[in-house]
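Quick notes on the structure that follows.
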Amino acid sequence: MVPYNLLKTNGTAGYLNTGVWAAKAIKEAKMLGNIKILASSEDKKFSYVPKNYEIPKELDYFHITSNNTIYGTQMKQFPGSPVPLVCDMSSDIFSRKVNGKNFALIYAGAQKNMGPAGTTMIAVKEDILGKTGRTMLSMLDYKAHIKGESMYNTPPVFPIYVSMLTLRWLKKNGGVEWIEKVNEKKAQLLYEEIDRNSLFKGTTEKTDRSNMNVTFVMHKPEQEPEFDKLWKEADISGLRGHRDVGGYRASLYNALPIESVKVLVDVMREFEKRFA
């Protein structure tokens, strides 16, 4: 929907390639027009976030992905852009403070920090819409959804309702400012153990480590079965890394309490005692 609504029929859009979801966005956008990849971290298996690239002023928009769930990187600073800045914040929306005024469009699936899968949040400056020169299908037209007050079609009531409850919980406890501090503590606790433990190592540049998805591997992969047994006995689930990269990935989304992170850290320390 982003290129459909923002990419002019004879225009060009810029993209930052930082992983699987950025690559998928690039693939879809190429179906509609000219796409220029301004920078990519594919050369080092997406283990860092590119920096010091130029954003041409003639672009229709520049698209970034704030958090890389599969490879465990996160943009700590957002680029100043001379063109409309578009961001996919699906995996770290409401996990930290951002200045919404710096973005022309933010989109995010609810299924990480907002609520169950089935609904998507869009925040868009209306003055950037309606300039592509193309005739648009109504279901893909942001303006149609705005005119219909987000009910152009029958909305998925349950995911929206649960998202409302989640946001009320967030607001009640102190809002994004509160959860940002909690998330930083959770991530710091786990990263410190990964760096300290002689059996594990992180997979990303330290400056770009994600607070949402902590990725790590073992120095000796042959020890993985024993480690898998230990964390499963501690009632930890879903710790294996994405099928495309292997290793391990601990997702520390808003709903996960710090006590859960402490359980994982304890397991890692116990594993070191037994097998180091």
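Every residue in the stretch 36-55 that is in contact (Cβ under 8 Å) with a residue 24 or more places away in the chain and at negative phi, please.
Result: Lys36, Leu38, Ser40, Ser41, Glu42, Ser47, Tyr48, Val49, Pro50, Tyr53, Ile55.
Residues checked against (1) touching a Lys or Arg at 6+ places or on another chain (Cβ under 7 Å); (2) assigned to a strand (DSSP E or B); (3) closer than 28 Å to Leu256 by Cα:
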site: Pro79; (1), (2), (3): no, no, no
site: Tyr107; (1), (2), (3): no, yes, yes
site: Gln111; (1), (2), (3): no, no, yes
site: Asp127; (1), (2), (3): no, no, no
site: Ser163; (1), (2), (3): no, no, yes
site: Thr166; (1), (2), (3): no, no, yes
site: Trp169; (1), (2), (3): no, no, yes
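Of all residues in the stretch 130-157, count the ones that are within 20 Å of Thr12 (Cα to Cα), surrounded by 11 or more Cβ atoms within 10 Å (Cβ to Cβ) and not aromatic (Phe, Trp, Tyr).
Number of matching residues: 7.
Taking the stretch 24-58, which residues are over 20 Å from Leu6 (Cα atoms), in contact with a strand residue (DSSP E or B) (Cβ under 7 Å, 6 or more places away or on another chain) and outside any loop (DSSP other than H, G, I, E, B)?
Across the stretch 24-58, the qualifying residues are Ala39, Ser40, Glu42.
Among the residues of the stretch 97-129 satisfying the criterion of being over 16 Å from the mean Cα position of the chain (by Cα) and open to solvent by 60 Å² or more (accessible area, probe 1.4 Å), which is farthest from Met212 (Cα to Cα)?
So, considering only residues that are over 16 Å from the mean Cα position of the chain (by Cα) and open to solvent by 60 Å² or more (accessible area, probe 1.4 Å), the one farthest from Met212 (Cα to Cα) is Asp127.
Of the residues in the stretch 109-159, how many are under 20 Å from Met89 (Cα atoms) and among the small types (Gly, Ala, Ser)?
Within the stretch 109-159, residues that are under 20 Å from Met89 (Cα atoms) and among the small types (Gly, Ala, Ser) number 7.
For the stretch 59-77, how many residues are part of a strand (DSSP E or B) and hydrophobic (A, V, I, L, M, F, W, C)?
Of the residues in the stretch 59-77, 2 are part of a strand (DSSP E or B) and hydrophobic (A, V, I, L, M, F, W, C).
Can you name the residue in the stretch 222-243 that is farther than 30 Å from Ser163 by Cα and in contact (Cβ under 8 Å) with a residue 40 or more places away in the chain and, of all such residues, is least open to solvent (accessible area, probe 1.4 Å)?
So, considering only residues that are farther than 30 Å from Ser163 by Cα and in contact (Cβ under 8 Å) with a residue 40 or more places away in the chain, the one least open to solvent (accessible area, probe 1.4 Å) is Phe227.
Among (1) of a type in the set (Asp, Glu); (2) surrounded by fewer than 23 Cβ atoms within 10 Å (Cβ to Cβ); (3) in contact (Cβ under 8 Å) with a residue 60 or more places away in the chain, where does Glu58 come up short?
(3)
Take the stretch 1-20 and flag every residue that is surrounded by fewer than 20 Cβ atoms within 10 Å (Cβ to Cβ), of a type in the set (A, V, I, L, M, F, W, C) and either touching a Leu at 6+ places or on another chain (Cβ under 6 Å) or within 11 Å of Asp88 (Cβ to Cβ) (or both).
Answer for the stretch 1-20, where residues must be surrounded by fewer than 20 Cβ atoms within 10 Å (Cβ to Cβ), of a type in the set (A, V, I, L, M, F, W, C) and either touching a Leu at 6+ places or on another chain (Cβ under 6 Å) or within 11 Å of Asp88 (Cβ to Cβ) (or both): just Met1.
The values are calculated or read from the model by the stated rules, or taken from the named source; none is laboratory data. These figures come from a predicted structure and were not determined experimentally. Cβ sites come from the backbone with ideal geometry, for glycine too, and all protein chains shown count toward neighbours. Ligands, DNA and RNA are excluded from the accessible area calculation, which covers all protein heavy atoms including side chains. Shrake-Rupley method; radii C 1.70, N 1.55, O 1.52, S 1.80 Å.
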